[in-house]
Amino acid sequence: TRAITFDGCTFSVEGCKILAKALERNETLTAVEFSFVLAVGDESCKALADMLKVNKTLNSIEFTDCCVGAEGCKALVNALECNTSLTRLGLRSCPIGDEGYKVLANALKTNTTLAEIDLAGNKYYVYQHCAEGVKSIISSLEKNTTLKNLKLERCGIDAETCEALGEMLQVNRTITHFSIAENAFGYEGCEALALALHSNKTLTSVWLTRCDIDDDGCEELADMLKLNKTLESLWLDDNKFAYQGCKALAEALEMNKSITYLNIEGNNLRNGGEDALNDSLQGNDTLRTLLAGDDSDKRWYWSLKHSRVLHRKKMLLSKPFYLGGQEVPAEMLELIVSYMWTDLPDSL
């Protein structure tokens, strides 16, 4: 990938237009990202959209914390009608509003090139103004046949929106990865999602980080894992479940044969939750990575300390170790070194 990122850069609208003209002629760049560039608003976006009508090599364009509004979004959508190379579009924390979401939703009903779309919101304005727009995006994906990766983080998704999402996932046959992290949909939202995932045969990765999932919601998801045969990676970190939810997950892992990655960091796993997990892993041959712990400063150490069964099962903890300016006990260093093998003998 030949990419260029403008992060926090200061240039004018005219400068952005000059850049767009240059990109019309460029035949080597494949990805462009604008992050925290205030000059990239509706007017600049219109120039970039005109560029996309001509450019044949860019496959990714992203806007993060820029001033792209509904008009800029409309211009991008119009460009998508004739662009055949763009496969990724990101509009993270951009104030496109309900109007922008709905215009984009209409385009997704017929678009056949976009494979990934990132519409992660900004919690300060999206929660109040884009509920209907988000629902329109979800509804449009019942007809879309090319999108594989959907990100709707911090978009104010509630239980009702989760029901719409669940209905879409029972129909859609192309989405393999989706994230609705940092949306407070709680138990009822979990129930709707779990019902959809019972029968979904295409999703392989789901992010449900910081979604206010309690024990009851976790039990719904655990019941889903007993039946689902395609989900491989699940993020449930920084939620609100404790022993009961952890026990339900442990029971599900005894039956599930597809999950290879599970992240449950930041939940209250004390008082028996970790023991239930360790016991369940004795009979699980598919899980390769388990990230757990409830102390934000020492989560990765907890994972090492409570993963002797993982060691015996040739399971690896993939989280990188970063030790910056902190005291490291000898026991911890010993654990780190002992888990650096990538090919462990069966006798362990």
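Taking every residue in the range 180-207 that is polar (S, T, N, Q) and pairing it with any residue that is open to solvent by less than 10 Å² (accessible area, probe 1.4 Å), at least 6 positions away or on another chain, the pairs with Cβ-Cβ distances below 6 Å are N183/I157; N183/C211; N200/L169. Which of the residues that make up the range 85-105 are over 19 Å from L150 (Cβ atoms) and either open to solvent by less than 10 Å² (accessible area, probe 1.4 Å) or touching a Leu at 6+ places or on another chain (Cβ under 8 Å) (or both)? Scanning the range 85-105 gives a single hit, S85. Taking the conditions (1) surrounded by fewer than 21 Cβ atoms within 10 Å (Cβ to Cβ); (2) under 13 Å from C94 (Cβ atoms); (3) modelled with pLDDT of 95 or more in turn, T30 satisfies each one other than (2). What do you reckon, is G266 small (G, A, S) and not in a helix (DSSP H, G or I)? Against the criterion (small (G, A, S) and not in a helix (DSSP H, G or I)), G266 qualifies. If I filter the range 95-118 for residues that are at pLDDT 90 or above, assigned to a loop (DSSP other than H, G, I, E, B) and touching a Phe, Trp or Tyr at 6+ places or on another chain (Cβ under 7 Å), do I get at least one hit? Yes, there is a match, as at least one residue in the range 95-118 is at pLDDT 90 or above, assigned to a loop (DSSP other than H, G, I, E, B) and touching a Phe, Trp or Tyr at 6+ places or on another chain (Cβ under 7 Å). Evaluated against (1) touching a residue at least 12 places away in the same chain (Cβ under 8 Å); (2) farther than 22 Å from A70 by Cα; (3) surrounded by fewer than 16 Cβ atoms within 10 Å (Cβ to Cβ); (4) not basic (K, R), C82 falls short on exactly one condition, (2).
Quick check: is even one residue across the range 3-16 surrounded by fewer than 19 Cβ atoms within 10 Å (Cβ to Cβ) and at pLDDT 95 or above? Within the range 3-16, not a single residue is surrounded by fewer than 19 Cβ atoms within 10 Å (Cβ to Cβ) and at pLDDT 95 or above. The set of residues in the range 136-163 being under 24 Å from D223 (Cβ atoms), open to solvent by 30 Å² or more (accessible area, probe 1.4 Å) and not in a loop (DSSP other than H, G, I, E, B) consists of E160, E163.
The values are calculated or read from the model by the stated rules, or taken from the named source; none is laboratory data. In this text, all values refer to a predicted model and were calculated from it rather than measured experimentally. Reconstructed Cβ throughout: ideal geometry from the backbone, glycine too, with neighbour counts over all protein chains shown. Side chains are part of the model used for accessible areas, which takes the heavy atoms of the whole protein and leaves out ligands, DNA and RNA. Shrake-Rupley method; radii C 1.70, N 1.55, O 1.52, S 1.80 Å.
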